[in-house]
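Notes follow once the structure below has been shown.
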Amino acid sequence: MPAHDVIVVGVGTMGSAACDALARRGVSVLGLEQFGIPHSMGSHSGRTRMIRSAYREHPDYVVLVRRAADLWRDLERASGRTLLTPSGLIFIGSPKDQLLEESLQCVQQHGVRHEILSPADLRRRFPQFRLPTDRGAFIDLEAGFLRPEKCIESFTDRAFRHGGEIHTYEPVVAWKADGNGVEVQTSRGRYPAGRLVFTPGPWADRLLTDLGVKLTLTRQVQAWFRPLRPEMFGLDRFLPWTVQVDAERNIYGFPMVDDEIGVKVAEHSRVHRTTLEEVSRVPSAEDEALLRRELGQLLPDAAGPALSLQVCLYTNTPDHQFIIDLHPRWPAVVLACGFSGHGFKFAPVVGEALADLALEGRTGLPIQFLGLHRFR
């Protein structure tokens, strides 16, 4: 008899959510994590992460993110922590920007509460921005932000409270599956189980070598700057925002929230490719200069002294959509990877889907568009 019903490899964003969902269903779950919980080696650090309903990437994302918002509230109640703050999100672009046009079409199609801002409205409501006079915007009124480290801690805590077992600092070195179940080998031992869930983040290519899908890593830097006029950048006067720079890059940021003493700015980019062997985890002067330049052009009163910089990794699929599916060869193995820098907000609904797939082999959630079949 296997010691556990399900093993989850990687207890980061999606892995902690999967451990939580499985433990609450009463199954014996073991989570294996090579670092601590939470950690800053993958894609989920950075104090704030956006949650939005304006999801142009695929219409089923809107269904999933609304379900995720309900589940985040459930987790808040269970943990007693503030995890999700509704705030709204400003989408800014020129009339020809694809991001702005398609995002606006999405909110109109799905009945997402929103407010359209003309260029004059934008300048009047948010004088913090320095923008060309043709820039318009809309506010996704259903959007907000999450606190990623607290979210992962809360998933993990609830999994523990429902009988889950989680090992930290125990990297997986090999795994195998057959008709009788699975076995995972770590730096400390071997663990048999009935099912296996992989949520390996940037380590997906190392552990899942036979998928036939090329996953690429990009290095992303987040920075916090002390505003020259702090009174202009609190949540009472400012909102999270995103601006499309070109087809490959968006610049986005957050006001000062909670007890933060600085504003956050980051680049959502597909151009800074790297590998686990080559990535520099230490922010450089060039990193600071890039983000300071972008911030100074958009929000000059925010571009004061740099307080902190942090590196994270995106794990990208070829089409920048997620992979959530059963293994093509081993139906007892479930996969969730390639979240391409926009997956965090979906964590609780992904955890729900992974628990469904591990225990039932299927799910009623609309994740079919995220299957491996699209790459064949």
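The values are calculated or read from the model by the stated rules, or taken from the named source; none is laboratory data. Predicted, not measured: the structure shown is a model, and the values here were computed from it. Cβ coordinates were reconstructed from backbone atoms using ideal geometry, including for glycine residues, and neighbour counts include every protein chain displayed.
What number of residues within segment 321-376 satisfy the criterion of being within 13 Å of the chain's Cα centre (by Cα) and at positive phi?
Qualifying residue count, segment 321-376: 3.
What residue, among those in segment 63-91 that are part of a strand (DSSP E or B) and either out of contact with any Lys or Arg (no Cβ under 6 Å at 6 or more places or on another chain) or at positive phi (or both), is surrounded by the fewest Cβ atoms within 10 Å (Cβ to Cβ)?
86
Out of all the residues in segment 104-147, which are in contact with a Pro (Cβ under 6 Å, 6 or more places away or on another chain) and in a strand (DSSP E or B)?
136, 144, 145 - these are the residues of segment 104-147 that are in contact with a Pro (Cβ under 6 Å, 6 or more places away or on another chain) and in a strand (DSSP E or B).
Do you know which residues across segment 143-182 are in contact with a Leu (Cβ under 9 Å, 6 or more places away or on another chain) and of a type in the set (Asp, Glu)?
Correct list: 165, 170.
If I ask for residues that are in a loop (DSSP other than H, G, I, E, B) and on the phi > 0 side of the Ramachandran plot, which ones from segment 148-188 would you list? Can you show your working first?
Residues of segment 148-188 that are in a loop (DSSP other than H, G, I, E, B), as a first pass: 162-164, 168-171, 179-180, 187-188.
Within segment 148-188, 163, 169 qualify.
Yes or no: residue 101 closer than 30 Å to residue 208 by Cβ, among the charged types (D, E, K, R), surrounded by fewer than 18 Cβ atoms within 10 Å (Cβ to Cβ) and at pLDDT below 95?
Numbers: closer than 30 Å to residue 208 by Cβ: no; among the charged types (D, E, K, R): yes; surrounded by fewer than 18 Cβ atoms within 10 Å (Cβ to Cβ): yes; at pLDDT below 95: yes.
When the stated conditions are applied, residue 101 does not pass them.
Can you tell me which of 266, 347, 336 is touching a Leu at 6+ places or on another chain (Cβ under 9 Å), under 30 Å from residue 82 (Cβ atoms), part of a helix (DSSP H, G or I) and not β-branched (Val, Ile, Thr)?
On the way: 266 fails: part of a helix (DSSP H, G or I); 336 fails: part of a helix (DSSP H, G or I).
Just a single option satisfies the conditions, and that option is 347.
How many residues are crowded, with 18+ Cβ neighbours inside 10 Å, under 25 Å from the mean Cα position of the chain (by Cα) and within 14 Å of residue 91 (Cα to Cα) if we restrict to segment 125-171?
7
Just to be sure, is residue 14 within 20 Å of residue 312 (Cβ to Cβ) and part of a strand (DSSP E or B)?
Details: within 20 Å of residue 312 (Cβ to Cβ): yes; part of a strand (DSSP E or B): no.
Spelling it out, it is not the case that residue 14 is within 20 Å of residue 312 (Cβ to Cβ) and part of a strand (DSSP E or B).
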